[in-house]
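Some notes on the structure that comes next.
Laboratory data are not the source of any read-out in this text; all were calculated from the coordinates shown. These numbers come from a predicted model, not from an experiment. Cβ coordinates were reconstructed from backbone atoms using ideal geometry, including for glycine residues, and neighbour counts include every protein chain displayed.
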Amino acid sequence: MAKLINGKEISEQVKQETRVRTDALKEKGITVTLAVVQVGQDPASCVYVRNKKRACEACGIVSRSVELPEETTMDELMKVVRELNADPSVNGILVQLPLPPQLDESAVIRAIDPEKDVDGFHPESVGKLSLGLPGFESCTPAGVIQLLRRSGVECEGKECVIVGRSNIVGKPMGMMMLRENATVTIAHSRTRNLKEVCRRADILIIAIGKARFITEEYIKPGAVVIDCGINRDENGKLCGDTDFDRVSEIAGAITPVPGGVGPMTVAMLMKNCVDSVQI
C-alpha cells in the first residue's frame, strides 16, 4: 500500500510559516492585503473564495472581497482591476476563474499589475519562471513542489511524467520539475501510447480533469503519484484524476483527493501574497 502524502498537514506548515512572516511585517507597520474579485455566484467558485478567505484569516492577511454580478461587462471588470492596481493598500489581486462567457479571461489576467499577480498567471510571471528569475509562481504546481520536498521525495535525476499541458498546471509544472533537475516529459490528449509513457515515470503528476482516468495500468511499481485533479463522480463524490484505490496498491506514494494538492494551492497563494510585499 502506498504511503499517503498528506496535503492538509503540509499546507498547515506553509500557512504557519506565512503567519510568522505576516506577524513580522505587522511589527514594521506593514499589512498584507489580498483583493479577491468574483463575478457571479458559480457554486465551485464560491467554495474556493470561502476557503481563500479562511486561509487569509489564518495567515494574518487582510482579505478584501469584490463581488460583481453575473452580467458584469468587460469594461466594468477592467475598471475594477485598474482601481485595484492603483490602490497602494492592495498587495495581491486574484480574479476568481472561470469567468462568465462574455468576459475574456486572458485579457483580464494580462490587465493585472504583474507586481500584484499572486496567482502567477500573468505572462510576465510565466516568463520569469521560464528564465529562472524570481517572481510569482502558479500556486498549484508550486504546491506540488512543496509536497515533494517536504515528503522527502528526491527529484534530481528522476523520470517525471506530467499528464496535462494547461497554462495553469501542466506547463509551469514542467518548468518547475526541470528546475528540480528531473527529466521531464509532458504528455497530453494527443500522446501516443500514454500508458507506456506513464509507466516510465518515477514521479507521475496528473492534471487532466477526467475522474479516475489513471488506473494501475499507468503506474510504474513504487512510483510517486501526484493527483492535481478535482472532479465529482457519478454519485457526486469528490475524486481525482486517479483511481485512488487501485493505484495506491501499486504506487510507492500518492496524494489523496480531497486532502492532497488542493490545500497546497491555497497555502501557496498565501505565500505569494506575502512575497508580493518582499519580491
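Our coupling estimate for the range 62-73, obtained by passing each phi through the Karplus curve with A = 6.51, B = -1.76, C = 1.60 and θ = phi - 60°, is 6, 9, 10, 9, 10, 9, 10, x, 3, 8, 3, 8 Hz, Gly and Pro reported as x.
Largest GNM mean-square fluctuation across 196, 124, 115, computed for the chain with C-alpha springs under 10 Å, falls on 196. Among residues other than residue 75 with Cβ under 14 Å from its Cβ, the summed charge is -2 (Lys and Arg +1, Asp and Glu -1). Among the trypsin sites (Lys or Arg not before Pro) in the range 219-279, those placed in a DSSP loop whose Cβ has at most 11 other Cβ atoms within 10 Å are 237.
For the range 229-240, 3J(HN,Hα) computed residue by residue from phi via the Karplus equation (6.51, -1.76, 1.60; θ = phi - 60°) reads x, 9, 9, 10, 7, 5, 9, x, 8, 5, 8, x Hz, glycine and proline entered as x. In loop segments of the range 101-192 as defined by DSSP, the trypsin sites (Lys or Arg not before Pro) with at most 14 further C-beta atoms inside 10 Å of their C-beta are 190, 192. List the aspartates and glutamates whose Cα sits under 13 Å from the Cα of residue 128, skipping any in the same chain fewer than 8 residues away. Cα-Cα hits under 13 Å: 115, 117, 137. The aspartates and glutamates whose alpha-carbon is closer than 16 Å to the alpha-carbon of residue 158, local same-chain residues fewer than 8 away aside, are 180, 202. Principal axis analysis of the Cα atoms in the chain yields extents of 52, 42, 36 Å, listed in decreasing size. Taking trypsin sites (Lys or Arg not before Pro) across the range 19-65, the ones in a DSSP loop with at most 10 further Cβ atoms lying within 10 angstrom of their Cβ are 28. Taking a sphere under 13 Å around the Cβ of residue 38 and counting the other residues whose Cβ falls inside, with K and R at +1 and D and E at -1, yields a net charge of +1. List the residue ranges in the chain for DSSP H helices whose C-alpha atoms run 15 angstrom or more along the long axis and whose Kyte-Doolittle average is 0.0 or above. Result, helices passing both filters: 139-150, 261-278.
For residue 195, the aspartates and glutamates whose Cα comes closer than 20 Å to its Cα, not counting residues fewer than 8 places off in the same chain, are 159, 216, 217, 227, 241, 243, 245, 249.
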